[in-house]
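What follows is a short report on a single structure.
The values are calculated or read from the model by the stated rules, or taken from the named source; none is laboratory data. Bear in mind that the values here come from a model prediction, so they are computed numbers and not experimental data. Glycine gets a Cβ as well: all are built from the backbone with ideal geometry, and neighbour counts include every protein chain shown.
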Amino acid sequence: MKKEILIITSDNLGLKKEQFDYPSLEIIKCPVYINGKEYRESDHEYTANWLIEKYLKENIVAKSSSILQGDLIDIIEKNKDKYSLVIHVLMSHGVSAATTLVAENVKKIYRDVIPILNIDTRQTSLGIGLVLLKIIEIIKQHDHIDDILRLADEAIRNTYSVFVMHDLNYLFKSGRIGKARALMGSVLRIIPLVGISGEDKEGLVVPIGKARTFMQANDKIIEFIHNKMLEKSVVKVQYIVNSLGYGDNLDAVSDLSNKIKESVPYEKMITGQPHLVEAVYYGPKSYSISINI
Amino acid sequence: MELIETNIHEIKIRIGNVFRYLHGYKEYINKLNVFPVPDGDTGLNMTLTIQGALANMPDYKGKPITMGEYLKVFAEQMLMSSRGCSGVILALYCKGITEIIGQNDFSSDNLFKAFENGYKKAYEGTENPKEGTILTIMYEFKEKFGELMKEETDALVNIRKCIPYLKTVLDKTPDMLPVLKQAGVVDSGGAGFIILLEGIDREIKKSKNVQTNFPFPGILKITRNIRKFLAVKSSKFKTIVPGLHVTIRSDKLQNTRLNNIIEDINQFINSIKNNGSHFPRRKEIVNNLKDMEEVWTPKFKQRYCLEFVLKSDKLSTQNEMKAILDHESDNLIILKSDSTFKVHIHTNKPDLILKEVSRYGEFIFTKVDDMKEQHQNFISEDRIDYEREKCVFCLVAGEGFKAILKNLGADEVYCYRGIKPSVKILVKELNRLKSKNIIATADDKDILMALKSAASLSKSNVHIIETNNVFAIINLVMSISNDYDITDISGLIINQPKDIRYCGISRAVRNTKTTNGNPVKEGDFFCVFNNEIMFADKDPETVIIESIKNFINTDSLVTLFKGIHAKNNKNILSRLTRTFPGISFEEYYGGQYQYYYYINFEH
């Protein structure tokens, strides 16, 4: 008998719920704190664009936290009798150790009630969404837990994300900067490119490159993708999830889209949509891309 | 056959890959170098010749060009960038080939004609051609190719089939050129040529086999120690010899003569063990060793390797050029392309030659290598206690640029202010870095040339990146990641962007004219773009605005770098932002001496 699987993840995944062809999906909204007040994403009011505007107009400092244990328990309580397995798709432990801790605690609490597989995507933002897309494909075709884990791991190892940041301070203030700190404090203003690779066991955000303009940054992204294709000896990228950013840097985003269409062969391309919590880390004019090879 | 842009890209990648392959053997080839002088730079010269061509190839973006035409231009660029005997001969050979395939006939028959013409050009261009050198390998290559094409029509297959045969010919070069036999090596240029063919073959079958060899000072040390050992009194051998056996792996040594000597030594040791101290060939071995050492440490008849490119309307043939060059010199190679002469010569009087030749035209570049000094460096056992595996070393004119580059990640930046450093200073600087590998670059073409000479005198493995302006260096340093792999930096060498656009604003120290003939008065500010004076005005801000109006393309960012003389000038960014809405402007202190401002345009 095929397993009934509930998938849980949090909303820092760069894609909206309706972009996943999987009804049994629960997305936990991460809390965002602005001047001590907690916000959760809402359909119209508290969105990524809302926060970006606030950043630009009010010079605020925003922070986020990992998912709350209570939120996770509520979802499991509500669903434990309807499903035979829970897969919790997690942000990289290197980016948020607290999220991993919460997930492991809940897994222990429910060990005699329902099996929970915590899958560390070694990704953040769009990269989590992309790994989730792959996991959904996998569970539609495979029933056995070992197969799911093996294939999910393979998908994770072949997933890479690059973030073009106009200002690294947002990532720094959110405590997610990792090794990308090396790109801070340049005399010459640079546009940093940071990334996260599923191959990296530490799952940290690392520097990928530096550019002076967004067009140069896009050229570097294309070069990065080509190098990965060469490394993996593939002629086509399986999935590209391309973020539109926050609507404040459309020229750069559209330049990247054009460059991808011109020079990167791919199977599927999806346009991502950032959530409130993602705007906390990346700030204005940022955009990103994730690929699965 | 018309090539579209993607095919040009493909050719660039292919040539780049062949270059990478040769680059991997650079040190190996250097260490075989004994002819015409043992200065240990054959590998360096061959790689710099190709590297220079790669760096100076025009950008054919959007312009249709055939493969034949592209290769023809590439061979021209090789000639202009060629260094040393081996580099010049290789460039001549490639020019000869492209004269035939320039019409895009790549059939076996035509390729044979091309190889024949390549050999002819290389042979004729060499003043005193010798057998047992790269010329012999080039000759044997076209002969073997001609023989094979009677049975096989695929030219690439035939090139591959030639390689093992050429290796047997290379092994015989010591029998053709006594100096190689005395030194115990095969010809370095010939070895380099075969490695290039292997690189081409590898492009076909994608195999890899990097070879290393024994450091040359080590070989000299071995010969001297063996001589010392043989100088011990016969009576003492009995006490020394038991347990003694010379075990040096011949495949590591890569020196046939020394291998034979070591075999003799082992025979000698066995003979003492078995027969007491009697060994009749002892003196023969000592003489053999002395002879070998002499070849590697010769007296230099001509001390300097001089190369120059001269643009001349007064000289029309190579013979006319030859007539004005020093007759006591040797290794003369003269190339001519339109009104440009490229000359390679070994001489004791480089200054006199340059002075004499300067009467006949304008130098595009000159280079003088002190081969004696290079040789000393080659054979010296001096070691640097390397403190790091790799480092990025930049030479720039201004303190502001130094700070910017250090901050971007350059390990060492030498600021030469207004005074360009000599080769001697550069060698000192390179050695001071105590780095096993150095990626070196400069913001000036003359310094780059000097760096190339300094590279052959440095104990480090110096990889020179062909930049000639500070923006290319900024771009380079920005593209080097923290954890770059030093064994795979040829990509950096090859992939330097060609579309860096900038202009300089300087001040006239005397009355002059713009390229269009408009007057520039002493004290006026003027704009220089692509080495041409474009326009001038009394007010520097007017020149800046005019420059931006003229040179801005689809750029989104314009950056001003103030020179040392403009350090305290008022900030004009707000005026520029008002004048050019939609463009981002930034201003930094560069500290350059010659230009009040540099203006850099970026997409």
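Could you give me the residue pairs with C-beta distances under 9 Å whose first residue belongs to segment B:466-478 and is away from chain A (no Cβ under 13 Å) and without any contact (Cβ under 8 Å) to a residue 40 or more places away in the chain, whose second residue is basic (Lys, Arg) and not in a loop (DSSP other than H, G, I, E, B) wherever it lies, and which are 6+ apart or on separate chains?
B:ASN468/B:LYS445
Quick one: what pairs do we get from segment B:534-562, first residue more than 19 Å from A:ALA211 (Cα to Cα), second surrounded by 18 or more Cβ atoms within 10 Å (Cβ to Cβ) and of a type in the set (Ser, Thr, Tyr), C-beta under 7 Å, 6+ apart or different chains?
Partner pairs satisfying both residue conditions: B:PRO540/B:TYR596; B:ILE544/B:TYR597; B:LYS562/B:TYR589; B:LYS562/B:TYR597.
Answer yes if at least one residue in segment B:503-514 is within 27 Å of A:LYS220 (Cβ to Cβ), within 14 Å of another protein chain (Cβ to nearest Cβ) and modelled with pLDDT of 95 or more, and no otherwise. Walk me through it before giving the result.
Quick first cut of segment B:503-514, residues within 27 Å of A:LYS220 (Cβ to Cβ) only: B:503.
Pick out the ones that are also within 14 Å of another protein chain (Cβ to nearest Cβ) and you get none.
No, there is no match, as no residue in segment B:503-514 is within 27 Å of A:LYS220 (Cβ to Cβ), within 14 Å of another protein chain (Cβ to nearest Cβ) and modelled with pLDDT of 95 or more.
A:LYS17 fails exactly one of the following numbered conditions: (1) surrounded by fewer than 14 Cβ atoms within 10 Å (Cβ to Cβ); (2) more than 16 Å from A:LEU90 (Cα to Cα). What is the number of that condition?
Unmet for A:LYS17, out of (1) surrounded by fewer than 14 Cβ atoms within 10 Å (Cβ to Cβ); (2) more than 16 Å from A:LEU90 (Cα to Cα): (2).
Quick check on this structure: which one of A:SER161, A:SER96 is within 30 Å of A:ALA252 (Cβ to Cβ) and modelled with pLDDT under 95?
Exactly one residue qualifies, and that residue is A:SER96.
Failed condition for A:VAL164, given (1) closer than 23 Å to A:VAL89 by Cβ; (2) more than 12 Å from chain B (Cβ to nearest Cβ); (3) of a type in the set (Val, Ile, Thr), with all others met?
Unmet condition: (1).
When A:HIS226 is evaluated against the numbered criteria (1) touching a Lys or Arg at 6+ places or on another chain (Cβ under 6 Å); (2) within 12 Å of another protein chain (Cβ to nearest Cβ); (3) within 18 Å of A:ASN158 (Cα to Cα); (4) not β-branched (Val, Ile, Thr), which criterion, by number, is the only one it fails?
Every listed condition holds for A:HIS226 apart from (1).
Are any of the residues in segment A:74-85 under 27 Å from A:TYR287 (Cβ atoms) and either part of a strand (DSSP E or B) or touching a strand residue (DSSP E or B) at 6+ places or on another chain (Cβ under 6 Å) (or both)?
no
Anything in segment A:167-182 that is on the phi < 0 side of the Ramachandran plot, surrounded by fewer than 24 Cβ atoms within 10 Å (Cβ to Cβ) and either within 12 Å of chain B (Cβ to nearest Cβ) or outside any loop (DSSP other than H, G, I, E, B) (or both)? List them, or say none.
A:ASN169, A:TYR170, A:PHE172, A:LYS173, A:LYS179, A:ALA180, A:ARG181, A:ALA182
Is it the case that some residue within segment A:77-89 is of a type in the set (Gly, Ala, Ser), loosely packed, with under 15 Cβ neighbours inside 10 Å and within 25 Å of A:HIS142 (Cα to Cα)?
yes
Of the conditions (1) within 14 Å of another protein chain (Cβ to nearest Cβ); (2) at pLDDT 95 or above; (3) in contact with a helix residue (DSSP H, G or I) (Cβ under 7 Å, 6 or more places away or on another chain), B:LEU408 clears all except one; give me its number.
(2)
Only one of A:LYS82, A:LYS37, A:LYS78 is out of contact with any helix residue (DSSP H, G or I) (no Cβ under 6 Å at 6 or more places or on another chain), charged (D, E, K, R), farther than 24 Å from A:ARG176 by Cα and without any contact (Cβ under 8 Å) to a residue 40 or more places away in the chain; which?
Result of the check over A:LYS82, A:LYS37, A:LYS78: A:LYS78.
Please go through segment A:22-55 and give me each residue that is exposed (fewer than 14 other Cβ atoms within 10 Å of the Cβ) and either among the basic types (Lys, Arg) or in contact with an Asp or Glu (Cβ under 9 Å, 6 or more places away or on another chain) (or both), ordered by number.
Taking segment A:22-55 as the starting set, the residues that turn out to be exposed (fewer than 14 other Cβ atoms within 10 Å of the Cβ) are A:23, A:35-38, A:42-45.
The answer is A:LYS37, and nothing else.
Against the condition under 30 Å from A:LYS268 (Cα atoms), surrounded by 15 or more Cβ atoms within 10 Å (Cβ to Cβ) and not aromatic (Phe, Trp, Tyr), how does A:LEU72 come out, does it pass?
Details: under 30 Å from A:LYS268 (Cα atoms): no; surrounded by 15 or more Cβ atoms within 10 Å (Cβ to Cβ): yes; not aromatic (Phe, Trp, Tyr): yes.
No.
Listed here are the residues, each with its yes/no results for (1) surrounded by fewer than 21 Cβ atoms within 10 Å (Cβ to Cβ); (2) out of contact with any Cys (no Cβ under 8 Å at 6 or more places or on another chain); (3) at pLDDT below 85; (4) within 14 Å of B:ILE425 (Cα to Cα).
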residue	(1), (2), (3), (4)
B:ASP444	yes, yes, no, no
B:ALA450	no, yes, no, yes
B:SER456	no, yes, yes, yes
B:HIS463	no, yes, no, no
B:ILE474	no, yes, no, no
B:VAL477	no, no, no, no
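Quick one: in segment A:212-223, of everything that is within 22 Å of the chain's Cα centre (by Cα) and buried (at least 21 other Cβ atoms within 10 Å of the Cβ), which residue is farthest from the other protein chains (Cβ to nearest Cβ)?
Restricting to residues being within 22 Å of the chain's Cα centre (by Cα) and buried (at least 21 other Cβ atoms within 10 Å of the Cβ), the top hit is A:ILE221.
Output the number of the condition that A:GLY209 fails; it satisfies all remaining conditions of (1) within 12 Å of another protein chain (Cβ to nearest Cβ); (2) farther than 22 Å from B:ILE474 by Cβ; (3) buried (at least 19 other Cβ atoms within 10 Å of the Cβ).
With (1) within 12 Å of another protein chain (Cβ to nearest Cβ); (2) farther than 22 Å from B:ILE474 by Cβ; (3) buried (at least 19 other Cβ atoms within 10 Å of the Cβ) applied to A:GLY209, the lone miss is (2).
For the list (1) within 14 Å of chain A (Cβ to nearest Cβ); (2) without any contact (Cβ under 8 Å) to a residue 40 or more places away in the chain; (3) more than 27 Å from B:GLY43 (Cβ to Cβ); (4) out of contact with any helix residue (DSSP H, G or I) (no Cβ under 9 Å at 6 or more places or on another chain), I need the number of the one condition that B:VAL413 fails.
(4)
For B:ILE583, state whether it is without any contact (Cβ under 8 Å) to a residue 40 or more places away in the chain and within 12 Å of another protein chain (Cβ to nearest Cβ).
yes
Answer with yes or no whether B:GLU76 is out of contact with any His (no Cβ under 9 Å at 6 or more places or on another chain) and either buried (at least 17 other Cβ atoms within 10 Å of the Cβ) or not in a helix (DSSP H, G or I) (or both).
When the stated conditions are applied, B:GLU76 passes them.
Tell me, please, whether a residue that is of a type in the set (A, V, I, L, M, F, W, C), touching a helix residue (DSSP H, G or I) at 6+ places or on another chain (Cβ under 8 Å) and assigned to a loop (DSSP other than H, G, I, E, B) can be found in segment A:45-62.
Yes.
Taking segment B:501-549 as the region of interest, how many residues are more than 24 Å from B:LYS570 (Cα to Cα) and of a type outside the set (A, V, I, L, M, F, W, C)?
The number of residues fulfilling the criteria is 14.
Only one of these is under 25 Å from A:SER174 (Cα atoms), among the small types (Gly, Ala, Ser) and within 12 Å of chain B (Cβ to nearest Cβ): A:SER197, A:SER186. Name it.
Being under 25 Å from A:SER174 (Cα atoms), among the small types (Gly, Ala, Ser) and within 12 Å of chain B (Cβ to nearest Cβ) holds for just one of A:SER197, A:SER186, which is A:SER186.
Any idea which residue in segment A:2-34 is farthest from A:ASP143 (Cα to Cα), counting only those that are among the polar types (S, T, N, Q) and either part of a strand (DSSP E or B) or not assigned by TED's automatic domain parsing to the domain that holds A:PRO115 (or both)? Give the steps one after another, and end with the answer.
Step one: filter segment A:2-34 for residues among the polar types (S, T, N, Q), giving A:9-10, A:12, A:19, A:24.
Still in the list and also either part of a strand (DSSP E or B) or not assigned by TED's automatic domain parsing to the domain that holds A:PRO115 (or both): A:9-10.
Details: A:THR9: 20, A:SER10: 24 Å.
Per the criteria, the residue is A:SER10.
If we only count helices (runs of 4 or more DSSP H) wholly inside segment B:168-278, which ones have 3 or more residues that are within 16 Å of B:TRP296 (Cβ to Cβ) and at pLDDT below 75? Don't jump to the end; show me each part of the working.
Numbers: elements: B:178-183, B:188-205, B:216-230, B:234-240, B:250-253, B:256-275.
The qualifying helices (runs of 4 or more DSSP H) are B:216-230, B:256-275.
Tell me which of these B:GLU127 doesn't satisfy, since it passes every other one: (1) among the charged types (D, E, K, R); (2) in contact with a strand residue (DSSP E or B) (Cβ under 9 Å, 6 or more places away or on another chain); (3) more than 30 Å from B:ALA183 (Cα to Cα).
(3)
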